[in-house]
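Structure first, commentary second.
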Amino acid sequence: QVQLVESGGGLVQPGGSLRLSCAASGSSFSIYHMAWYRQALGSQRELVAVITRYSSIDYVDSVKGRFTISRDNAKNTVYLQMNSLNPEDTAVYYCNAYYGVASYWGQGTQVTVSS
């Protein structure tokens, strides 16, 4: 079992930056692949970024060059640095840990990009 708690969301102006954190507790963090998803109002949840247990990384095209995912296994934490934010990035952002058939979710953190 893994418990995930996201933090770092908030209101930011277009062009601004935020760093999301996802703190994990429970089973060994380092064995899990970690991902960030987001869900805008009225839309389906979409995968934003993934960092595997081997630290392989991938992003959805819309955030490439603007977002950076990273993990610190010593702190049981995964991060999402978001730069050059625009209103289309407004969504609830969720942290996901998965390995095999196991998949765990955080409660989400709201990111609102607005002037």
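Taking the chain and the strands (runs of 3 or more DSSP E) fully enclosed by it, the elements with 1 or more residues that are aliphatic (A, V, I, L, M) and open to solvent by 60 Å² or more (accessible area, probe 1.4 Å) are at 2-7, 10-12, 46-51, 57-59.
Residue selection: GLN13 fails the criterion of being touching a residue at least 12 places away in the same chain (Cβ under 8 Å) and touching a Lys or Arg at 6+ places or on another chain (Cβ under 7 Å).
Got at least one residue in region 23-31 being modelled with pLDDT under 95 and not small (Gly, Ala, Ser)?
yes
The values are calculated or read from the model by the stated rules, or taken from the named source; none is laboratory data. A quick note: this is a predicted structure, and the numbers were derived from the prediction, not measured. A quick note on method: Cβ atoms are made from the backbone with ideal geometry, for glycine too, and the neighbour counts reach across all protein chains shown. Side chains are part of the model used for accessible areas, which takes the heavy atoms of the whole protein and leaves out ligands, DNA and RNA. Shrake-Rupley method; radii C 1.70, N 1.55, O 1.52, S 1.80 Å.
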